[in-house]
Structure formats: structure tokens, C-alpha cells
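A short write-up of the structure that comes next.
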Amino acid sequence: MTLVVRGGRILDVETGALNEGDVVCGDGKILAVGPAAAAGASAGAEVLDATGMVVTPGLIDMHVHLRDPGLEYKEDIVSGTRAAAAGGFTSVCCMPNTQPVVDHAAMVGFIQDRAKRLGVVNVYPIGSVSKNLEGRELAEIGDMAAAGIVAVTDDGKPVWNSELMRTALLYSSMYGIPVIAHSEDPHLAEDGQMHFGTWAGVLGLRGIPGAAEASMIARDCMLAELTGGRLHVAHVSTELSLSVIRWARSRGVKVTCEVTPHHLVLTDEEVSRSAYDTNTKVNPPLRTAADVEACRAALRSGEIQAIASDHAPHSPDDKDVEYNLAANGVIGLETTVPVLLTELVGKGHAGLAAVVRAMTAGPAGLLGLKGKGRLAVGMDADITVLNLDKSWRIEPAAFQSRSRNTPFGGWEVRGAAAATIVAGRVVQRNGQLSD
Amino acid sequence: MALQAKDVLSLQEMGPEEMNLILDTADSLREVIYRPIKKVPTLRGKTIITFFHEPSTRTRTSFELAAKFMSADTVNISTTTSAIVKGESLKDTAYTLQAMGADCLIMRHGISGSCHYLSRLVDASVINAGDGMHEHPTQGLLDMYTIRRHKGSLEGLKVAIVGDVLHSRVARSDIWGMTKSGAEVVLAGPRTLLPDGFEQLGVRSYTAVEEALPGADVVYVLRVQRERQGKGLVPSMREYARQYCINGRRLALAKPGALLMHPGPMNRGIEIGSDVADGAQSLIVEQVTNGVAVRMAILYLLLGGAAA
């Protein structure tokens, strides 16, 4: 089966160059890329006309909660991967805080098997650092690495025990996978509902200071230096955190980091503006305008390697409650592309290449995803086609995700994922999934 | 003129004209409290439910009397005797009360923002009777009303709010209401009990009472919320009292004849000395009376009673 993506502007995520050309796919791989590459394609090839569109490597969201197994009322592998396809993502990495927890190889196999049978996009499981996320003993990281996990994390909570974190960094380094840190000092963050600052004071909500995040990042960077292990900081949200990471990197620490779309776009004022809408409640919390600008600058400079949505589905029963009782988290798979194209690229806060790189070559590189993240001959035929001109309105009711917890509902946006191609197969086109 | 919204949720969201309307209306309704027969037919046929998730003497009673003086039917729900103890959510409770035809829900709740949430669930008017650490708008209005009765206006006055501002919903409502009415508000308390960044609201903060009080026309003492002190934000009540208790010696730092106020309930000997609480400058008891008048005004304006 051959597919030709014809006549699009192919984005070079390193240089930002947009060159008109074709991408020819066959047997799940990219056979040819470039001007008039279609000429060499077989006669019966399926053609996807990408004229006027931007063609990028398949987007990767390295931080997604698929909630499967155990919390299927929020999301499952079917709805979650359909949401990914709808949003332009060809690969997602799923977090281990399911029920049961992904803390041994059989669970890794379970998710891989379900994803293969039922999923619409590629799914890379991430294993837990500790057994049952209890923060006491290491999970069977070696076994899980052999089964194919791409990282370990206790995401959702920090590894509070410093000795366990040291051990995890050391142990996982044998398998060449990073430890992804959810960095949060539990005492500083206790009962916290939003960012610590004027708005928290005005709204009478307990605040979580940026220091709760940055201080744990500092500790983890020191442990990464001590062990030589690889640290990846999830959802960085403050200028102080970025400063700590910069300092660590200057000392040669192997540390990378990611930022979410909501931390690139929204501030803590949103909690007030929305009159306590629980879709503004997320961990780490929405920060200040200065923090947002620092995240944007670090994205532009490449100090942030990845954009990840931290897609965290919650049912209405988890969110339609008093603010303090609401679950943390927002979904992002179906809003990341339009929101970033509108708010960052469209308003000149970051270039298209920087944004796309952080969802392609960036995560593929730091997680070692073979065959992903670049459009080149021999790579997997995972491709995203972007329509930068489509103006539309985000309607949560139309989401493929089982959940609706987004702060971007009703936003007028410009830009969309016009097509999602996984292993040479078109799985989404103009918002329609191919079933 | 009428109130803009169906609810009274915060003074942050209320304009000075609306506040003045409420205070002017309170002026004309206040005399009802002193009548031998305290009953006007203004809200006859209206159903008002008070719904308190936290203990209260004065606010709940004040609302209930205000409603009864105007002939509304009132029902009181407290957490311990409601289906909340069976785990019923606020959402379901709200739908239930709405379905019984309540015209107005008056809620006190421990979680900030709960009244905003409730107001989105029901068509009935919602009055915030204190939500977590957020606001207590009717207290703010009765405080303003009390000052206005003695000073004519808040314009140009200096109001010193002393104590646990961090946890105080009263302080937040007072800050919004009084600054919007032209008063200068200063805060005094230990740094661990002062919120971060409030200078952006146009208020100055001091850690020494002695620096905040000079020139004050009003000294407003906040209750130390001992139930919230488990986190050790101050080392001991003894140390707090030594530094912050408003007694005769400290009150004398304010302008001669400065007004002394407190939202109640008081911790005598901790944040306020009995010498001044029961002294000539104290308006603490009058605040309670004025609370009934202000709440009558709010109910009247929200529920659009027939001619008064």
C-alpha cells in the first residue's frame, strides 16, 4: 500500500525552512521525500493532496494519561488514541498511574497489546519508578525496559524519598531511559489549589509557590549529577525552574524538560477571570505572566526540548464540584495544535519550527523513539498535515476524548491538524477519523 | 436603579454605585428593627433558604431575622441535619433546593468560590454568607454601613485592619468595599498571616501595629482563626497577643475617638482587649444591628419585593 502526500510545504524543524514537495510512503516507511518525489510513486498510490498545507513529522505527545486500565470512565486506549489522531498526534506516551499501576512487565504488555488491537496511533508505555507508586521500593524497571517502556516516572506525585530518586536515576541509566520527574515539594504544595500569589490571595485559595517545583528540580538535578543518570523534568512551569535547569545543564547534568500548552498560554489570573472554573485547576498550577514568558523564551531557545499536553482526562463528576474538591488536570490532545498555532505561532511568540520540533524531534530524541520525529527516507511513515489557515471554534462536545475538561472550550482558533498519518495510513482527515 | 446581578457573591465584583444603593436602602429599612411590631409585608410569598456548612450565630440569625421582618418564609439547613452527612454533593443539594421553589439561597461554605459555583447551578439568587477564605460581602457592607453612619462617608478615611488577614474573608470584602469607596486601607499582622501581593490591591501592609495605627479613623480587628492555626503560622497565641492584641494602649495610637470594630466572634485577650471591646469607641454591638438592616436591604433589592 502506497500513500503519497502531495504538494505540501514540508517543514524542516531544524532550520524552519518550508519547501514544497511530496512524501511517498510504503510498507509503513517513508520511501521518498522532496520536490516531485511523487513522480517515483507507483501508479495506484493513494494520494493525499496537501496543497497549501504544512507537512511535518508525526507529532508526539510524550505525556498523556490514557487512564486504561482502571479509570476507563475518564478515558481509555480507544478514546484516548482517537483523541490523539483527531488532534494531529501519531504517537503518545502514556503515564503509569493506572489501576493497577504499570510497575511490572505484564502491565506493559497489556497496554501494548490493547493499543495494537484497538489503538489508532502509536502508544509507548512509561513505567513507574516505584512499586504501586508508593515511593518506597523500585518497580521492576529492568523487566519493563526489556518489554519496551521508554521512561519511568511516578508522575502525579514526586519521588519524595531522595534515596529512592538517587537509586532510580542510577538503575534506569543501565537501560538508557530517563527518569521523568514530577517535581513538587509535598509540604509546600499541601492543600494548594492554584499558584501562590496575588490571585490566590484575592480568591482565598491556598497557593503553591514556584519554589515547591524548583526546589525539587534542584534536588533531582543534584542527584542526576551524582549518579550520571538522565533526568527529564515534566511540565516545567516557572522561570525559577528553568533557571535551575540551566544551572544544572551548565554543570553537565543530563537534564531535559517539557512544557505544557496551558503553561505556555494561560496565567493564574484565569482562575479569577473564570470565577473558579475547575478547568483552570491543574498541577502544576497556572503561573504568572512572567513565568509564561520565560517558558516561551525557553521554548524558542531550545532549552525546553518538548511540548507535552499532560492530557489528564477527568469526568464531569470529578470536575463539576467545589474548587478544592475538583481533580487536578486538563485534557490537551485535541487542543494543543490549534491553541499553539493560534496563541504562539500566530501571535509571534514562537516560530512554527520551534513548536513542531518540540513535538517531534525533541521528544523522539530524548526518549530514543526509533524511526520517529523526522521526515526522511527509511523513517516510519508517521506524518501530520497542518492547515494553518483554518479558523474554527473549539467545541468540547465534539471531542473524541471521553472527557471534556478543557480551559479552551469556546476559544476561537486558527490552525488545525488537517490529516494524521500513522505508518502510512491516513487515520484522520479534516477532523474525520477513518474507522 | 437595581443590582446588576441576580446574586451577591463578592465586593470585588460590585461597583460603588451598587454598594451605595444597598447602604441607602439599609438606611430606610433600619427603623423596622425598632418598631414594636417588626413586620413589613415586602417579601411576602418569597422563600429564602439559609444553608450553612459552617457554624454561625450572628450571620445566620441576622439573615433569618432580616427575612422575617420583611415577611419572607425562611428555612434553615445546617450541614449536620441535612443529607450532606449522607454524602450528598453541593450540586445535588442545590438542584434539590431549587426544585422546591427557593427564591434565594444564602450559603456559608468552607471552600472559597463555592457560592460562585452554586450561582451557576441555580436560577435562584445566591447570597454569599462567607466562602472559605474568599469573601463575606454582606459583612463588608455592614462594616461600611456602620462607618458611614458615624463618619458620613468612607471617602478619605484611614482604616487599619489588624490580625489574621490571610485566612479572613471579612478582610477581603472590607478591602474591596472600602477602597472602592475612597478609604485608605492598611493591614497589620505577622508576615505569616498577611497574603502575598496585596499591595496590588492598593493596600499597604505593616508587621508592626504601632506603624499601622497612627492616623487611623477606624481600627478593625480580625478574629484569630484558632481553628486554622494548626499549621503553626504563629508560634503561640501568647506571642500573638503580646504583639498584636488591640488594647487601650494600642488603640490610643489611632486618631482620638477612632472607631473600633470587630466582626465577631471575639477571642478576648488574644486579638482584642476587653477594655476596648466594651469601651466607648467600640461599635461591635452596633455592627450586629446594622447587619440586619444591610441584609434586609440586600434581600429587598434582590428579590424585588412589592412597594416597600
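Nothing in this text is a laboratory measurement; each read-out follows from the coordinates by a stated rule. Keep in mind the model is a prediction, meaning the values are calculated, not measured. No Cβ is skipped: glycine too gets one built from the backbone with ideal geometry, and neighbour counts run over all protein chains shown.
Relative to the compact globular guide of 2.2 N^0.38 Å, what is the alpha carbon radius of gyration of the range A:54-197, as a ratio? Don't skip to the answer; put the middle values down first.
On the way: Rg = 15.7 Å, N = 144, 2.2 N^0.38 = 14.5 Å.
In units of the 2.2 N^0.38 Å rule of thumb, it is 1.08.
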Whole-Å distance, taken between Cα centres, linking the range A:256-321 and the range B:13-60
42 Å
Considering only DSSP beta bridges where both residues belong to chain B, give the percentage that are antiparallel (nearest 5).
5 percent
Given Cα pairs under 8 Å that are at least 6 residues apart, what percent is the relative contact order of the range B:200-286?
36 percent
Evaluate the relative contact order of chain B (contact order divided by residue number), counting alpha-carbon pairs under 8 angstrom at least 6 apart; express in whole percent.
21 percent
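What full-extension length gain, to one decimal in nm, is calculated for B:K255 and B:D123 as 0.36 nm per residue of separation minus the Cα-Cα distance? Show your work: numbers first, answer last.
Details: separation 132, 0.36 × 132 = 47.52 nm, distance 4.67 nm.
Using 0.36 nm per residue and subtracting the Cα-Cα distance, I get 42.9 nm.
Can you figure out the FRET efficiency of A:M174 with A:A17, using R₀ = 41 Å and their beta-carbon distance, to the nearest 0.05?
Values: r = 39 Å, r/R0 = 0.96.
It comes to 0.55.
So in the range A:58-367, what percent of DSSP beta bridges are antiparallel if you round to the nearest 5?
Working: 1 of 23 bridges.
Of all bridge pairs located within the range A:58-367, approximately 5 percent are antiparallel.
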Whole angstrom only: what separates the Cα centroid of the range A:53-121 from the Cα centroid of the range A:1-34?
26 Å
So what's the Cα pair-distance distribution over the protein assembly as shown, bin width 20 Å, in %?
16, 41, 29, 13, 1, 0
Mean-square fluctuation maximum in Gaussian network of chain A, Cα pairs under 10 Å, restricted to A:L344, A:L203, A:L31, hits A:L203
B:Y34-A:A289 pseudo-label distance in nm [points 7 Å out on the Cα-to-Cβ vector]:
5.1 nm
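For chain A, what does the helix formula give at 222 nm: sum of -39500 (n - 2.57) over DSSP H segments with n ≥ 4, over the residue count, nearest 500 deg cm²/dmol? Could you put the intermediate results ahead of the total?
Details: 14 runs with 125 residues, N = 435.
Only helices count here, giving -8000 deg cm²/dmol.
Using only C-alpha positions, report the orientation-averaged shadow area of the convex hull of the range A:58-367, nm², one decimal.
Values: hull surface 55.5 nm².
Hull-based average projected area comes out at 13.9 nm².
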Please give the calculated 222 nm ellipticity per residue for chain B, where each DSSP H segment of at least 4 residues contributes -39500 (n - 2.57) and the sum is spread over every residue; nearest 500 deg cm²/dmol?
-10500 deg cm²/dmol
Amide H proximity to A:S309 below 5 Å, modelled H, separation 5+ or other chain, gives A:M62, A:H63
Once the dipole of the protein assembly as shown is set up from charges on Cβ (+1 Lys and Arg, -1 Asp and Glu), the residue from the list A:T384, B:I49, A:V321 lying farthest towards its positive end is B:I49
How far apart, in nanometres, would the label points at A:R251 and A:D49 be if each is projected 7 angstrom from Cα along the Cα-to-Cβ direction?
5.8 nm
GNM top mover of A:S162, A:S241, A:S130 - chain A, alpha-carbon springs below 10 Å
A:S162
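For the protein assembly as shown, give the share of DSSP beta bridges that are antiparallel, in percent and rounded to the nearest 5; count only bridges with both residues there. Before the final figure, lay out the partial values.
Numbers: 34 of 97 bridges.
For the protein assembly as shown, the DSSP antiparallel bridge percentage is about 35.
Between Rg and the Kirkwood Rh of chain B, both from Cα atoms, what is the Rg to Rh ratio? If you can, show how the numbers build up before the last one.
Details: Rg = 19.0 Å, Rh = 19.7 Å.
Reported Rg/Rh, Kirkwood definition of Rh: 0.97.
Tell me, what is the FRET efficiency for A:A106 and A:A297 to the nearest 0.05, using R0 = 51 angstrom and their Cβ-Cβ distance as r? Could you put the intermediate results ahead of the total?
Numbers: r = 44 Å, r/R0 = 0.85.
Result of the calculation: an efficiency of 0.70.
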Between B:M100 and A:S162, what FRET efficiency comes out of the Förster formula 1/(1 + (r/R0)^6) with R0 = 60 Å and r the beta carbon distance, rounded to 0.05?
0.60
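Which semi-axis lengths, in whole Å and largest first, follow from the square roots of five times the eigenvalues of the Cα gyration tensor of the range A:308-370? Walk me through the intermediate numbers first.
On the way: eigenvalues 166, 58, 13 Å².
Sorted largest first and rounded, they come to 29, 17, 8 Å.
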For the range B:80-89, 3J(HN,Hα) per residue [Karplus equation, 6.51 cos²θ - 1.76 cosθ + 1.60, θ = phi - 60°, Hz, x = Gly/Pro]:
5, 10, 10, 6, 4, 5, 8, x, 5, 6
Quick one: which residues, 5 or more positions from A:D49 or on another chain, have an amide H under 5 Å from its amide H? H modelled 1.01 Å from N in the peptide plane, none for Pro or chain starts.
A:R6
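Hey, got the dipole for chain A? About the Cα centre, +1 on K and R Cβ, -1 on D and E Cβ, debye to the nearest 20? Write out the running numbers ahead of the final one.
Working: 38 positive and 50 negative charges, 185 e Å.
About 880 debye.
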Give me the angle, in degrees from 0 to 90, between the Cα long axis of helix B:90-99 and the longest principal axis of the Cα atoms of chain B, rounded to the nearest 10.
40 degrees
Give me Rg/Rg_expected for the range A:1-122, where Rg uses Cα atoms only and Rg_expected = 2.2 N^0.38 Å with N residues.
1.30
For the range A:58-367, averaging the sequence separation of alpha carbon pairs under 8 Å that lie six or more residues apart and dividing by its residue count, the contact order in percent is 17 percent
Candidate aspartates and glutamates for bridging to B:K231, where Cα separation is under 17 Å - those fewer than 8 sequence places away on the same chain excluded
A:D185, A:E190, A:D191, B:D164, B:E239
In nm, to one decimal, how far is the B:T192 label point from the B:R44 one, both placed 7 Å along Cα→Cβ?
5.7 nm
Once you've got the Cα coordinates, tell me which of B:K6/B:K68; A:K157/A:K254; B:K38/B:K91; B:K6/B:K180; A:K74/B:K6; B:K158/B:K180 are over 25 Å apart.
B:K38/B:K91; A:K74/B:K6
Could you work out how far helix B:169-180 tilts from the main Cα principal axis of chain B, as a 0 to 90 degree angle to the nearest 10?
80 degrees
Among B:P265, B:P195, B:P36, whose mean-square fluctuation peaks in a Gaussian network model of chain B (Cα, cutoff 10 Å)?
B:P36
